[in-house]
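Structure record follows, encoded as structure tokens.
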Amino acid sequence: MYKIYKITSNPVVDFAATELKKYLRMMMPRCGEISIEYNPSATDGFRLGLMQDFGLDVSEAPSVELDDILHIDTDENGGIIAGDNYRSVLLAVYRYLTINGCRWLFAGVDGEYIPVKDIEPVKFHKMADCRYRGQCNEGAEYQPNMMEAIDFTPKIGLNIFMIEFDNPKVYYDWYYDHLNNEVNREPEPVSHEQVLQWKRQCEAELSMRGLQCHDMGHGWTAESFGIDSSAGWVQGSEEVNPPEAAQYMALYKGKRRIYNGVPLNTNFCMSNPEACAKVVDTVCNYAEKATNVDYLHVWLADGSHNHCECDECRKMIPSDWYVVLMNEIDAELTKRELATRIVFCCYVDTTWAAKVERLNNPDRFSLLVGPIFRSYTESVDANKDISSIEVPEYVLNETPFTLDVNEYVAHAQNWAKTQHIPFFIYEYHLWHMQYRDVAMLDSAKVLYNDIIGYHKHGCSGIIEDCSQRSFFPNGFRFALYGSTLFDTSLSFEEQLDDYFRHAYGEDYKEVIAFFEKLSKLIDFRFANKRKKGLFNEPQYESAFLKVPELVDSFAPFVEAHKNMPKRVQTVSYRILRRYLEYCKGMSRVFALKCVGKDDEAAKEFAQFTVSFGKYELEMERWYDHCLATGAYGTMIGKIDLQAAND
């Protein structure tokens, strides 16, 4: 009988032990009961604990709290499964199971590939190449899916889950109001209180797994002044409410107002000491209560080129005022004896490094780089001399943002060099961009090469701003993301082969061949334009029109494999069956758009949104209909779903 001994007493190790037991019993369903005991002196069975408990060297980790070392030394009967921190013990359990043949191909029980086999000896030791490896909530989210997403996170080697906003109701509203699918599903409104309770449930799940909890982001520039920003990016009145808060808003084009009617996008007058004090107090009060938060993100507004233009604010660029704010937050946190780590953001106008101001206490801070305007048709160049890039001088509310991702790296390095802080990236590969590459493989290669390039240039890791349902047509990009962040030496081809083999069974190469053919017909660069008016490219039409023929020729293969021995493979083919319809629908839209038939393309897209939306309930664990259809706003513009349904 197998035994599991906990060498150290900790809730995360408790959870790791129960996970090990569960999957061992699934792998060996006739092995009998597996006991779990706390026994620091155990010398047999599986022993779970900190590497330090076993006298193992952890000196390779600059920080045993932040860096994950996994150490596994087992035989057929058990052995040591350890990490340099409690979270790493759980990660080591999943790594042990992965080496023994388990795979987590997408979130939820249906995404599990668990072989039936006897366990084999494992010797493994590695520190993760990237310190920060995570995801942030985005898109239309619902609570059961959030539970599955959090459970999935450490199984693919990630160590961070970020929940944006004090109350992320806007994201829940997109799902429960069934945005972009109202004609097929009746709205199910949820309250602020309900969503706040759900956020606390998410936080408890993170804590149970020892995952780094990253919190907040945007919102401070409104909520600090009593301005409600929970509606997200919905446009309302430009009048400031409450009116007495108007004096603190950024002076933009001669007025202190709500920028374009969106509080979340509105900056404040950063040179105003009273305004600054309100933000500092709000941040520190939040930190005092949110003791579960490992990293508190203090970002400015989500708008761009709308910083304060008053005479005092003009004396420094926004990034300098941002550093002033960070120093004041640090001073107040120190006064309150709070060790909260703060993340500030190299984003839109603060992409440019501060010129004169410097952080007084760099140890408290990390820099998050958000290359929101970058092109996703080119990757970070791992071999480029970033120091040779000349970034333009910042001019208040005027300097255009770059599409070149390498230039964002140059800005990040300028920040890191002058402020003596680490930087990591807030990326968007699994946001709209995943849907703008219908054939999937090209965007997967961009994601893979970005991880390699960022790491080569000194980046400490990535948090993906992504839907927690990024598994359409499959979860390859998500799995690739987790495994490559942990080990940048893994090849793209090996990971592609491994994922598809487990997801689609012995005939998996036929599926890879289909996506390779699809990539040749649907050039991912077409849909990834960042500006309207650039889609009239008739050279693409003939290829787009060939997509239905390719899909129809592949459909019998998918139909023949719709019932597989492994549940995860059955689900993978069922998702793929719907994806074939998706490919045909989008190819018709692209074919019209590329020859300038904009109105017809919009009508076709609206009809497709309604017709494919009928599958949302069937597909919602893996496919985000709201985000998928919203991804084409730049290309299509607003659509009339009701008219399309009539």
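Remarks
- Computed from backbone phi with θ = phi - 60° and the Karplus coefficients 6.51, -1.76 and 1.60, the 3J(HN,Hα) list for the stretch 592-604 is 6, 5, 5, 9, x, 8, 5, 5, 5, 5, 5, 5, 4 Hz; x is used for glycine and proline.
- Taken along the Cα-to-beta-carbon direction at a fixed 7 Å, the label points for Asp118 and Met26 span 2.3 nm.
- A cut-off under 9 angstrom between Cβ atoms defines the neighbours of Val280, and their net charge, with Lys, Arg +1 and Asp, Glu -1, is -2.
- In plain terms, if you count all Cα to Cα distances in the stretch 3-127 and split them into 10 Å steps from zero, the share in each step is 14, 47, 32, 7, 0 percent.
- Stretchable slack from Thr43 to Asp599, in nm (0.36 nm times residue separation minus alpha-carbon distance): 192.9 nm
- Shape of the chain, Cα gyration tensor, a/c cut at 1.5: oblate
- The chain - mean residue ellipticity at 222 nm from DSSP helices (-39,500 (n - 2.57) per run, n ≥ 4, rounded to 500): -13000 deg cm²/dmol
- Based on every Cα atom in the stretch 157-304, Rg and the maximum pairwise Cα distance Dmax equal 16.8, 51 Å.
- Here the Karplus curve 6.51 cos²θ - 1.76 cosθ + 1.60, taken at θ = phi - 60°, turns the phi angles of the stretch 327-340 into couplings of 5, 6, 5, 4, 4, 6, 4, 5, 4, 8, 6, 9, 9, 3 Hz, with x standing for Gly and Pro.
- Taking every DSSP bridge with both residues inside the stretch 3-127, close to 50 percent are antiparallel.
- Taking every alpha-carbon pair under 8 Å whose residues sit at least 6 apart, the stretch 401-518 reaches a relative contact order of 25 percent.
- The distance separating the Cα centre of the stretch 366-408 from that of the stretch 237-257 comes to 31 Å.
- The stretch 3-127, relative contact order in percent, only Cα pairs under 8 angstrom and at least six apart counted: 27 percent
- Integer Hz, Karplus 6.51/-1.76/1.60 couplings in order for the stretch 609-622, x for Gly and Pro: 4, 5, 5, 6, x, 5, 8, 4, 4, 5, 10, 5, 6, 10
- For Cys466, distant residues with modelled amide H under 5 Å away: Cys136, Glu138
- Rounded to the nearest 5, the antiparallel percentage of DSSP beta bridges internal to the chain is 25%.
- Centroid-to-centroid, using Cα positions, the stretch 592-642 and the stretch 44-101 are 46 Å apart.
- Over the stretch 424-473, volume per residue of the alpha carbon convex hull, in Å³: 64 Å³
- Amide hydrogen neighbours beyond the local backbone of Cys213, cut-off 5 Å, H modeled: Asp294, Tyr295
Rule-based calculations on the coordinates, nothing more; no lab input. All values reported here derive from a predicted model rather than from experimental measurement. Positions of Cβ are backbone-derived with ideal geometry, glycine not excepted, and every protein chain shown enters the neighbour counts.
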